[in-house]
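The values are calculated or read from the model by the stated rules, or taken from the named source; none is laboratory data. Source: prediction; values computed, not measured. Because the Cβ atoms are built from the backbone with ideal geometry, glycine has one as well, and the counts that use them run over all protein chains shown. Heads up: the accessible areas ignore ligands, DNA and RNA and are worked out on the full protein's heavy atoms, side chains in. Shrake-Rupley method; radii C 1.70, N 1.55, O 1.52, S 1.80 Å.
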Amino acid sequence: MTAAAENTLRADVVVIGFGKGGKVAAATLGRAGRRVILIERSDQMYGGTCPNVGCVPTKALVHHSGRRRPDDSPQEWFEHAIGEVQALTSTFRAGNYDALNGAETITVLTGTAHFVDAHTVAVSNGSGEVRVVGETILVNTGSEPVIPGIPGLRESPRTVTNVDLIHTSHLPGRLAVIGGGYLGIEFASIYRRFGTAVTVFEASPQILGREDDDIAAAASEILAGDGVEVVTGAEVLEIRGEDTVVYRKDGREHSLPVDAILAATGRTPATAELRLENAGVKTTDGGAIEVDEHLRTSQSHIFALGDVNGGPQFTYISLDDSRIVLDQLLGSGKRSTADRIAVPQTLFMSPPLATVGLTEKAARAAGHQVRIGMQRVADIVAMPRAYIVEETRGVMKFVIDAASDEILGAALLSVDAQELINTVALAMRHRITATELRESIYTHPSSTEAFNDVLGTIVRG
């Protein structure tokens, strides 16, 4: 037997990446009796981005930032919060590992994987290389932060990504955020509430450019009220002398010394190390793995799940990807990405902004005749919960098809928006009309009963 043969493992299914889609697929296939090998390059990422450096720690920081009292030392409270968050993520990480590696049919390998050929993956760690041969291969390596090519940004020791911020216990005195999208605004809101002075630089005329102007304006008003400085129409020119952001606005050059610079301009699929060309797997110009509606790649036995396939970068999309792949491997093979309707999303500023479906401008551009139901949270008589929890900021907006009365989209900037939006999305999927949603019976006091008022308040047709 050759040395290569001695270091070769065989499996029915090889999963590269311990993210949401990969771990759910691995667990389900293992229970079905398939021999599964799951590969993760870092022992700090068991479970994927969400429980380690994404959803769980960031939302935990949102929670802890809101609990800081005026007399609490910002630095001490931040250190406390980071300690709590790291303990939480450590628990989740260990639970994810034990749940899969403890299964009789599943083995977890820790190391960096790359394709040798269409059925063989090499896994390297500090002690050598193992080759894994799989009949079916699932790629679930996720995405990684993008640092734009601004002169001096990559070289500056003050530059951080969202992942870096999760792992530091030092609270910066002044934080510059480059990018006014979801990631940038979320971290701006978190760090401001911890006590950091925050400036957000956005090149577009407004933050949250995908949203309607009135929703973006309401979010901007809340951020300004919390003390976040938002500079729109700003072109960041360079990072000078390691710690100074130089930018142009209205034709004039400005500079701002800072303690940390968050690059929040997006994430890119993590495919660079995979050597996909060895397997004959095609990628897009942006580096994502090309897939069909069933998530098959250019090799029919290789699937791509989650951020790596270039789809929406949400944990729940990765979960739904696993359902599609499992239906291919264990079910009828009919489920596809085309089945996704009314997928919601939430920006966890304070209060959160949750959206689903079409914006008003998108609906009108698509030719819909619409009615707009909209109210400020402070004016919603049927929502005393907002006053109970002392959070009356924000606005609720519904885009309704004038002919069918169906809900085309919604933007909820309010307390509990991250929960409310799921009810709206479910109503949209099942074509429940705005009138039906408005006239439903809701518990009291709750946030859902706001629908009784907002959907009856038509501000324009």
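In nm, to one decimal, how far is the N125 label point from the S169 one, both placed 7 Å along Cα→Cβ?
According to this spin-label approximation, the distance is 2.8 nm.
Through the Karplus equation 6.51 cos²θ - 1.76 cosθ + 1.60, θ set to phi - 60°, convert the phi angles of the stretch 243-255 into ³J(HN,Hα) values in whole Hz; use x for Gly and Pro.
Working through the residues one at a time gives 10, 10, 7, 9, 9, 10, 9, 6, x, 10, 8, 10, 9 Hz.
Contour minus end-to-end for E84 and E390, with contour as 0.36 nm per residue of separation and end-to-end as the Cα-Cα distance?
On the way: separation 306, 0.36 × 306 = 110.16 nm, distance 2.54 nm.
Stretched fully, the E84-E390 segment lengthens by 107.6 nm.
Non-local amide H neighbours of V15 (under 5 Å, H modeled in plane, Pro and chain starts lacking H): which ones?
For V15, whose amide H was placed from the backbone, the distant partners under 5 Å are I37, L38, I39, L138.
Starting from the amide H of V146, placed 1.01 Å from N in the peptide plane, find each other amide H under 5 Å away whose residue is 5 or more places distant or on another chain.
The answer is T265, G266, R267, T268.
Can you give the % of DSSP beta bridges in the chain that are antiparallel, to the nearest 5?
Numbers: 51 of 86 bridges.
Rounded to the nearest five, the antiparallel share is 60 percent.
What is the sum of charges, Lys and Arg at +1 and Asp and Glu at -1, for the other residues whose Cβ falls under 15 Å from the Cβ of S204? Walk me through the numbers before you get to the answer.
Numbers: positive: R210, R248, K249, K361; negative: E202, E211, D212, D213, E235, D250.
Summing Lys and Arg as +1 and Asp and Glu as -1 gives -2.
Using the Cα atoms of the chain to build a convex hull, what is its mean projected area in square nanometres?
Convex hull of Cα atoms, orientation-averaged projection: 24.8 nm².
Would you calculate, for the chain, the mean residue ellipticity at 222 nm contributed by helices, counting each DSSP H stretch of 4 or more residues as -39,500 (n - 2.57) and dividing by all residues, to the nearest 500?
Details: 14 runs with 142 residues, N = 461.
Calculated mean residue ellipticity at 222 nm is -9000 deg cm²/dmol.
Arranged from highest to lowest average of other beta-carbon atoms within 10 Å per residue, in what order do the peptides 267-276, 44-53 appear?
Details: 267-276: 19.1, 44-53: 22.4.
The peptides rank, most packed first, as 44-53, 267-276.
Determine ³J(HN,Hα), in whole Hz, for all residues of the stretch 146-152 in sequence, where each value follows from phi through the Karplus function 6.51 cos²θ - 1.76 cosθ + 1.60 and θ = phi - 60°; x replaces Gly and Pro.
For the stretch 146-152, the Karplus-derived couplings read 9, 9, x, x, 6, x, x Hz, x marking Gly and Pro.
Rounded to the nearest 0.05, what FRET efficiency is calculated for V133 and I341 with R0 set to 56 Å and r the Cβ-Cβ distance?
Working: r = 39 Å, r/R0 = 0.69.
Efficiency, rounded to the nearest 0.05: 0.90.
Rounded, prolate or oblate: which fits the stretch 344-459 when a ≥ b ≥ c are the square roots of the eigenvalues of the alpha-carbon gyration tensor, with rounded for a/c under 1.5 and prolate only if a/b beats b/c? Let's see the in-between values first.
On the way: a/c = 1.74, a/b = 1.46, b/c = 1.19.
Prolate shape, in that a/c is at least 1.5 and a/b is the bigger ratio.
Using only Cα atoms, locate the centre of the stretch 379-415 and the centre of the stretch 201-252, then give the distance between them in Å, rounded to an integer.
26
If r is the Cβ-Cβ distance from A32 to V146 and R0 is 35 Å, what FRET efficiency results, to the nearest 0.05?
Calculated transfer efficiency: 0.40.
Please give the net charge around Y387, taking every other residue with its beta carbon less than 15 angstrom from that of Y387, where Lys and Arg add +1 and Asp and Glu add -1.
Local charge sum for Y387: -3.
Please compute the contact order of the chain in relative form: average sequence separation of alpha-carbon pairs under 8 Å and at least six residues apart, divided by the residue count, as a percent. Before the final figure, lay out each step's value.
Numbers: 995 pairs, mean separation 62.8, N = 461.
Relative contact order for the chain comes out at 14 percent.
May I ask you to evaluate 6.51 cos²θ - 1.76 cosθ + 1.60, the Karplus curve with θ = phi - 60°, for each residue of the stretch 113-121 and list the ³J(HN,Hα) values in order in whole Hz, giving x for glycine and proline?
9, 8, 6, 9, 8, 5, 10, 10, 10
Could you work out the mean projected area of the convex hull around the alpha carbons of the stretch 148-264, in square nanometres to one decimal? Don't skip to the end; give the middle numbers.
Numbers: hull surface 27.5 nm².
So the mean shadow area of the Cα hull is 6.9 nm².
Placing unit charges on C-beta atoms (Lys and Arg positive, Asp and Glu negative, everything else neutral), compute the dipole magnitude of the chain about its Cα centre in debye, rounded to 20.
Details: 42 positive and 57 negative charges, 115 e Å.
Magnitude of the dipole: close to 560 debye.
Kindly work out what percent of the DSSP beta bridges joining two residues of the stretch 148-264 are antiparallel, to the nearest 5.
Details: 11 of 26 bridges.
Here the antiparallel bridges make up roughly 40 percent for the stretch 148-264.
Rolling a 1.4 Å sphere over the protein heavy atoms, what is the accessible area per residue of the chain, to the nearest Å²? Write out the running numbers ahead of the final one.
Working: 20150 Å² over 461 residues.
Averaged over the residues of the chain, the accessible area is 44 Å².
Going by amide H atoms built from the backbone, whose H comes under 5 Å of the H on V116, apart from near neighbours?
Excluding prolines and chain starts, which carry no amide H, the hits are V121, A122.
With label points built 7 Å along Cα→Cβ from the Cα atoms of D259 and D226, find their separation and express it in nm.
That separation, rounded to one decimal, is 1.8 nm.
How far apart, in nm, are the 7 Å Cα→Cβ label points at E293 and T112?
3.9
If Lys and Arg each add +1 and Asp and Glu each add -1, what is the summed charge of the other residues whose beta carbon sits under 13 Å from the beta carbon of D401? Mind dumping the intermediate values first?
Values: positive: R364, R371, R431; negative: E360, D405, E406.
Combined, the nearby Lys, Arg, Asp and Glu give 0.
From the residues V231, G180, V160, which one has its Cα farthest along the dipole of the stretch 148-264 in the positive direction, the dipole being from +1 and -1 charges on Cβ of Lys/Arg and Asp/Glu about the Cα centre?
V160
Full extension from R431 to A99: what is 0.36 nm times the residue separation minus their Cα-Cα distance, to one decimal in nm?
Working: separation 332, 0.36 × 332 = 119.52 nm, distance 3.84 nm.
Extending this stretch completely gives an extra 115.7 nm.
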